[in-house]
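Asker: The structure under discussion is supplied below as structure tokens; questions concerning it will follow.
No lab work stands behind these numbers, since they all come straight from the coordinates. As the structure is a prediction and not an experimental result, all values here were calculated from the model. Every residue, glycine as well, gets a Cβ built from its backbone with ideal geometry; the counts of neighbours run over all protein chains shown.
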């Protein structure tokens, strides 16, 4: 019997996600922007190295106070924003999505695969960079290195969750919005990065607040304003995880639904 | 056996723009040509047939199934889009293999199918170079290869011969005929009647989103042949080609352009044959043939009068 399209069973939804994600991963690796983003992700490690060399920063205290917020509020957010938005919207814009939409795969699998590929690529890059920065901030004190390892594991877990949450959110923007990048930058760096630092109840309405809460980081002290409105304590671990996971499922689900529903010319 | 395509009151509009208007037909033929000028609605109809678009009104069925909803049906289609966009950093073999895997089956089988399809379209020598370095003609062939690799039952080809050199046209035309002979239903769009004439006698003629005529290519060809036909020839040695063409009785006028020349003829069949022969010889550097849209315009004016 010949192996025609007629006598081959189409892949299951999970297989479809894995196969499309693998293809995207391969496509992403070949792009020049991957090199630039990898170099950008290494900036904190470079800062740690310079700090160690000039004797200012680059130590354990610097890692917790400066490096971790830098990853959380700039690098991971920026990476998820840029890759999340562009991964789907670029493909919709240039029409290559048609090559996938005419195949026997659930259309939603395309969005889920894209999110999976971005999270995997971004997560690996950030983990490698954070690990390197961590080591640079602790060597040659091996005991301190070992003692701080649980903290590193916790930060890594939060970064992966953050990639998952924000990539889903910004992919959703890429599917539905006409100018997704501009609006996502305004939301990401305007709302998310700012509101989570304000005193009062407002941080509850930002996703960053729950990510920061998992690391025990409370909204910052804003001087006069925090004298009038007391800062919010970090949310509990269960609440934070529930919000992050529910948000991820909701955003990824809506992105998948959008790819299934929308028409692409 | 050929698949039956049935459209009932099919319409598609984008905002205020009507792309297709009240199309109804039922057709079952091994090879069908979709003929019309740019903007006639050919690509929209093919995209409705692949399920990429949903009808604004009416319905379209392929062998009784709805391509927008029926995943298994989509698995038996092969679609070659008109646009020239790819995942540029992949190689042709990676590109075709990855897409073929989405039809099920093991990686090794998909790799073999991809290599076989690339060989069939004559791209085997370029199978491992990045797509971004391929010429326009090679990219056209690659689009056909990704549509063929999973061995579909129904091929939908949107302007697959546009901008190809004469040899490429001959090779791909032969390939489409082979597919149809092997039992695959082939629908092919073009704005060049003479391209379609070499493939089939069954044509749907679209004009401004409406179905103008359905059936024999001969009648439409007779109408077109009554009007002078203009062919743009991309060529490296245009002066020498012009000198050769000027000797033919059917050539009315030759106009030199930056990229080659435009020849006006009253016997397009003969002219295409001559150009094909000269192109295959390769001495004059003929790299593209394009029928200019105004050939059909006169016929449309006649039919819509």
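Asker: For A:197, B:103, what's the fewest-to-most ordering of other Cβ within 10 Å of each Cβ? Please list the in-between numbers first.
Answerer: Values: A:197 21, B:103 26.
So the ranking, lowest neighbour count to highest, is A:197, B:103.
Asker: Inside 10 Å of the C-beta atoms of B:80-88, what's the mean count of C-beta atoms belonging to other chains?
Answerer: 5
Asker: Which whole-number percent gives the relative contact order of the stretch B:141-249, counting Cα pairs below 8 Å spaced six or more residues apart? Let's see the in-between values first.
Answerer: Details: 78 pairs, mean separation 19.9, N = 109.
The value is 18 percent.
Asker: For chain A, find the longest principal axis of its Cα atoms and tell me its angle to the long axis of helix A:13-29, 0 to 90°, nearest 10.
Answerer: 70 degrees
Asker: With everything on Cα atoms, drop me the angle between helix A:142-176 and the longest principal axis of chain A, reported from 0 to 90° to the nearest 10.
Answerer: The answer is roughly 40 degrees.
Asker: Classify the stretch B:93-252 as rounded, prolate or oblate, taking a ≥ b ≥ c as the square roots of the eigenvalues of its Cα gyration tensor: rounded when a/c is under 1.5, otherwise prolate if a/b is larger than b/c and oblate if not. Don't jump to the answer; show the numbers that get you there.
Answerer: Working: a/c = 2.73, a/b = 1.47, b/c = 1.86.
Verdict is oblate for the stretch B:93-252.
Asker: How high is the relative contact order of chain B, in percent, counting Cα pairs under 8 Å that sit 6 or more residues apart? Kindly include the intermediate steps, with their values, before the conclusion.
Answerer: On the way: 609 pairs, mean separation 60.4, N = 305.
RCO, chain B: 20 percent.
Asker: For a quick protection proxy, order the peptides B:29-36, A:248-255, A:78-85 by their average other-Cβ count within 10 Å, most packed first.
Answerer: Details: B:29-36: 23.4, A:248-255: 19.1, A:78-85: 25.0.
The peptides rank, most packed first, as A:78-85, B:29-36, A:248-255.
Asker: Can you sort A:177, B:199, B:206 from fewest to most other Cβ atoms within 10 Å of each residue's own Cβ? Don't jump to the answer; show the numbers that get you there.
Answerer: Working: A:177 15, B:199 21, B:206 25.
If I rank by nearby Cβ atoms, fewest first, I get A:177, B:199, B:206.
Asker: Within a 10 angstrom radius of each residue's Cβ in A:14-20, how many Cβ atoms of other chains show up on average? Whole number is fine. Before the final figure, lay out the partial values.
Answerer: Numbers: counts 0, 3, 4, 0, 1, 7, 4.
Across A:14-20, the average partner-chain Cβ count within 10 Å equals 3.
Asker: Same structure, new question: Just for the protein assembly as shown, what percent of DSSP beta bridges are antiparallel, to the closest 5?
Answerer: Values: 37 of 55 bridges.
Rounded to the nearest five, the antiparallel share is 65 percent.
Asker: Also, quick follow-up: In whole angstrom, note down how far apart the Cα centers of the stretch B:187-219 and the stretch B:56-75 are.
Answerer: 23 Å
Asker: In degrees between 0 and 90, to the nearest 10, how far off the longest principal axis of chain A does helix A:107-138 point, with axes built from Cα atoms?
Answerer: 30 degrees
Asker: Mind checking the log10 I(q)/I(0) for the protein assembly as shown at q = 0.09 Å⁻¹? Debye, one equal scatterer per Cα, no solvent, two decimals.
Answerer: With one equal scatterer per Cα and no solvent, log10 I(q)/I(0) is -0.78.
Asker: Moving on. Per the helix-only calculation at 222 nm, which mean residue ellipticity applies to chain B, given -39500 (n - 2.57) for every DSSP H run of n ≥ 4 and division by its residues, nearest 500 deg cm²/dmol?
Answerer: On the way: 11 runs with 115 residues, N = 305.
Calculated from helices alone, the mean residue ellipticity at 222 nm is -11000 deg cm²/dmol.
Asker: Shifting gears a bit: Decide, for chain B, between rounded, prolate and oblate: order the square roots of the alpha carbon gyration tensor eigenvalues as a ≥ b ≥ c, take rounded if a/c falls under 1.5, and otherwise choose prolate if a/b is larger than b/c, else oblate.
Answerer: Details: a/c = 2.00, a/b = 1.17, b/c = 1.71.
Since a/c reaches 1.5 but b/c is at least a/b, the shape of chain B is classed as oblate.
Asker: Percent relative contact order of the stretch B:1-147, based on C-alpha pairs within less than 8 angstrom and at least six residues apart?
Answerer: Values: 210 pairs, mean separation 29.1, N = 147.
Computed value for the stretch B:1-147: 20 percent relative contact order.
Asker: Sum -39500 (n - 2.57) across every DSSP H segment of at least 4 residues in chain A, then divide by the residue count to get the 222 nm mean residue ellipticity, nearest 500.
Answerer: Numbers: 11 runs with 174 residues, N = 265.
Per the formula, -21500 deg cm²/dmol.
Asker: Determine the shape class of the stretch A:123-259: with a ≥ b ≥ c the square roots of the Cα gyration tensor eigenvalues, call it rounded for a/c under 1.5, and otherwise prolate if a/b is greater than b/c, oblate otherwise.
Answerer: Working: a/c = 1.99, a/b = 1.23, b/c = 1.62.
Oblate, because a/c is 1.5 or more while a/b does not exceed b/c.
Asker: Which of B:42, B:197, A:114 comes first, and how do the rest follow, when ranked by fewest Cβ neighbours within 10 Å?
Answerer: By the 10 Å Cβ count, ascending: B:197, B:42, A:114.
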